[in-house]
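The structure under discussion appears below in the form of structure tokens.
Throughout, read-outs are computed from the coordinates displayed, never taken from laboratory work. Note that the coordinates shown come from a computational prediction; the quantities given were computed from them, not determined experimentally. Every residue, glycine among them, receives a Cβ derived from its backbone with ideal geometry; neighbour counts consider all protein chains shown.
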Amino acid sequence: MIEVRDLHKSFGDLEVLKGITTSIARGEVVVLIGASGSGKSTFLRCLNLLEIPQRGEITIDGQVVTSRRVDINRIRQEVGMVFQQFNLFPHKKALDNITLALLKVKKIKAKEARETGLELLAKVGLSDKANAYPRHLSGGQQQRVAIARALAMRPKVMLFDEPTSALDPEMIKEVLNVMKQLAADGMTMVVVSHEMGFAREAADRVIFLDEGIIVEEGSPEEIYTNAKVQRTKDFLSQIL
Amino acid sequence: MNLPDYSVVFDNWAFLMLGMQETLRISAFAVVIGFMIGSAVGLLRLSRVRVLRMAAGAYVEFIRGTPLLVQLYILYFGLPSIGIDLTARAAAIIGLSINSGAYVAEIVRAGIQSIDKGQTEAARSLGMSGHLAMIFVILPQAFRRIIPPLVNEFIILIKDSSLLSLIAITELMRAGQHIRSRTYQDFEIFTAIAILYFIVTFTLSNILGVLERRLQVSD
């Protein structure tokens, strides 16, 4: 589904990604962990070209997305993204947040878009919030609307950039439950998160990144209980 | 000290109101045209094309860095001397619009830049083009934020229009000068004119204050 080969990304003199190579299968759920500055968010953002890598190649569903000839807007429709800060559109109601891109990008009819939007709101458990503006929603509700918004484009892959880091503890669960449901439905997911409970329950693979390279990867069990590399152990001892 | 006698104001009321009409008419044109120029230039200042960005920047810097009166003199006295005749009204509207446009451009640019980068990223990650994101996500939010500084700019424009008295436009200020040159009652005339300007600007700031609150309720 996703092939990444020798990915390099620098910001000025700072090399953040120093050659990442990995592949992610259809339906696989991969959790990325690593210290801040390890490159995990940058890697995720490269996957939908919010950051343009300097070197290396990314292939999604057979299409080389790092090629200069691709239509970047088309690729992004197929790769949903959920942000740490939700980034809902504050001037739009929850339902309109979800339907905006359907109407303007996919040019779907209003009635159809509305049906899709309501369906997705139901899926994330927010049917009663269709007409609420983001500022009237809790953080957990906002993040669930953001997930519904990304799903509206019917993406082949969903990326999550620390989706629960900005949430109060009591709201983390409701968001993780939606994500677990999504994983169970067979969505291909790449998640930057330190939520070990989620990783153990839903992830097929955990990747530990440090200083721009993949240090170790394996099943949640292998990484969290039997990490082989010292740097992985050191990192885990700090977050657990 | 003599007690002021405001009967001179009421005796010349009709003439003052003609001046007021001219002030309002020219200001209205200049506000609208200035807003259009400013919106376009503000967007150009954020353009990806370097030449456009630089041209817009040069316009803003030059207009802000030179006095409005000099700009008006160039249009009204300068251009005819090289064979381009503008009527006083045309020079007035063009001058005020170009001047206001530079300040509006800065307001628009700052308003757009004040919107969190995450908004653009969210829109783009849904597959929206840069233009779609600008039109449907960034501008509606920026517009709410720029209303207060815009109102401020409109008020400044109306006050600045008093300079048009120096290029043969009989607006409120010049109407006052005419009356004063006949009656020599400078105090009464100019305090009355100050109050008339204040009534216009205060009304404007209240109307737009209501608009601002309405927009905030719905976001």
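Quick notes
- Total charge dipole magnitude, the protein assembly as shown, about the Cα centre, Cβ charges on Lys, Arg, Asp, Glu only, Debye to nearest 20: 1040
- Positive-end residue of A:Thr188, B:Ile135, B:Ser81, charge dipole of the protein assembly as shown with Cβ unit charges: B:Ser81
- Whole-angstrom gap from segment B:41-73 to segment B:146-205, using each part's C-alpha centre: 27
- Approximate spin-label separation A:Lys233-A:Asn177, in nm, with each point projected 7 Å along Cα-to-Cβ: 3.8
- Local electrostatic count, B:Ala88, Cβ distance below 12 Å [Lys/Arg +1, Asp/Glu -1]: -1
- Size of electric dipole in segment B:12-218: Cβ of Lys, Arg +1 and of Asp, Glu -1, about Cα centre, debye, nearest 20: 540
- Helical runs (DSSP H, four residues minimum) scored at -39500 (n - 2.57) apiece and divided by the length of the protein assembly as shown put the mean residue ellipticity at 222 nm at -17500 deg cm²/dmol.
- Bins of 20 Å from zero: percent of alpha-carbon pairs in the protein assembly as shown: 20, 39, 24, 14, 3
- Computed from Cα atoms, the angle from the helix B:172-183 axis to the main principal axis of chain B rounds to 10 degrees.
- Net charge, B:Arg53 excluded, C-beta distance under 11 Å - Lys, Arg +1, Asp, Glu -1: +4
- Net charge contributed by nearby residues that have their C-beta within less than 15 Å of B:Arg174 (K/R +1, D/E -1): +1
- With the simple model of a label 7 Å out from the Cα in the direction of the Cβ, A:Leu14 to B:Asn206 spans 5.3 nm.
- FRET efficiency for A:Arg55 and B:Arg53, using Cβ-Cβ distance with R0 set to 35 Å, rounded to 0.05: 0.75
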